[in-house]
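A short worksheet on the structure shown next.
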Amino acid sequence: VTAYKIDHLGIAVASIDEALKIYRALGLAETGREEVPSQKVVAAFLPVGESRIELLEPTSDDSPVAKFLAKRGGGIHHVCFAVEDLDAALADLSRRGFRLVHRQAVPGADGKRIAFLHPEAGHGVLIELSEGSS
Ligand code: CO
């Protein structure tokens with residue numbers, strides 16, 4: 001597996017509109033917002049350099065992001081690395097014994113193919129892999 005950039009940082013927030021204030025003050029601008037049913041969130045995208053910030057607001061109480069907010073009160077939820085070939089990456093990581101949340105790609109934001117590793121694999125960091133560049 002060769003991750004070639006941090007595609008985005010996913011940040012859990014109770015309210016995207018409230019959270020936007022600080023990122024706008026930092027000079028970032030929202031370029032899009034969409035619901036991601038597979039994660040039960042609305043995601044707002046704020047490019048910065050070759051990466052982006054994704055603000056994640058839960059759409060349901062059983063969303064993983066809602067649980068994260070209840071437990072930790074918001075913050076960095078996951079780090080997403082871009083890879084060229086997601087299927088090959090998942091097969092390779094699985095073969096090396098790393099736990100995966102998704103053994104197959106699921107639809108993420110922007111119509112991209114994504115998958116999450118198990119937090120245990122990342123020593124407490126939830127790692128997402130995304131195929132292709134933003
Ligand atoms: Co993400």
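Can you tell me which of Gly75, Gly124, Gly132 is on the phi > 0 side of the Ramachandran plot and open to solvent by 50 Å² or more (accessible area, probe 1.4 Å)? Steps first, answer last, please.
Numbers: Gly75 fails: open to solvent by 50 Å² or more (accessible area, probe 1.4 Å); Gly132 fails: open to solvent by 50 Å² or more (accessible area, probe 1.4 Å).
Selected residue: Gly124, the only one of Gly75, Gly124, Gly132 that is on the phi > 0 side of the Ramachandran plot and open to solvent by 50 Å² or more (accessible area, probe 1.4 Å).
Take segment 32-51 and flag every residue that is among the β-branched types (Val, Ile, Thr) and away from the ligand (no atom under 14 Å from the Cβ). Break it down into steps so the answer makes sense when it comes.
Taking segment 32-51 and keeping what is among the β-branched types (Val, Ile, Thr), we get 36, 41-42, 48.
Residue satisfying the conditions is Val48 alone.
Identify the single condition in (1) within 12 Å of the ligand (Cβ to nearest atom); (2) open to solvent by less than 30 Å² (accessible area, probe 1.4 Å) that Ala66 does not satisfy, given that it satisfies every other one.
(1)
So which residues in segment 45-73 are part of a loop (DSSP other than H, G, I, E, B) and over 26 Å from Val83 (Cβ atoms), if there are any at all?
If we filter segment 45-73 for residues that are part of a loop (DSSP other than H, G, I, E, B), which is where we start, we get 49-50, 59-63, 73.
Scanning segment 45-73 gives Thr59, Ser60, Asp61, Asp62, Gly73.
Scanning for something more than 13 Å from the ligand (Cβ to nearest atom) and surrounded by 13 or more Cβ atoms within 10 Å (Cβ to Cβ), does segment 106-117 turn up at least one residue? Steps first, please.
So in segment 106-117, the residues more than 13 Å from the ligand (Cβ to nearest atom) come out as 111.
Okay, now just the ones that are also surrounded by 13 or more Cβ atoms within 10 Å (Cβ to Cβ), so none.
So far as segment 106-117 goes, no, none of its residues is more than 13 Å from the ligand (Cβ to nearest atom) and surrounded by 13 or more Cβ atoms within 10 Å (Cβ to Cβ).
Test Leu90 against the stated conditions and say whether it is under 18 Å from Ala3 (Cα atoms), more than 14 Å from the ligand (Cβ to nearest atom) and buried (at least 20 other Cβ atoms within 10 Å of the Cβ).
Working: under 18 Å from Ala3 (Cα atoms): yes; more than 14 Å from the ligand (Cβ to nearest atom): yes; buried (at least 20 other Cβ atoms within 10 Å of the Cβ): yes.
Spelling it out, Leu90 is indeed under 18 Å from Ala3 (Cα atoms), more than 14 Å from the ligand (Cβ to nearest atom) and buried (at least 20 other Cβ atoms within 10 Å of the Cβ).
The values are calculated or read from the model by the stated rules, or taken from the named source; none is laboratory data. What you are looking at is a predicted structure, and each value in this text was computed from that prediction instead of being measured. Every residue, glycine among them, receives a Cβ derived from its backbone with ideal geometry; neighbour counts consider all protein chains shown. Ligands, DNA and RNA are excluded from the accessible area calculation, which covers all protein heavy atoms including side chains. Shrake-Rupley method; radii C 1.70, N 1.55, O 1.52, S 1.80 Å.
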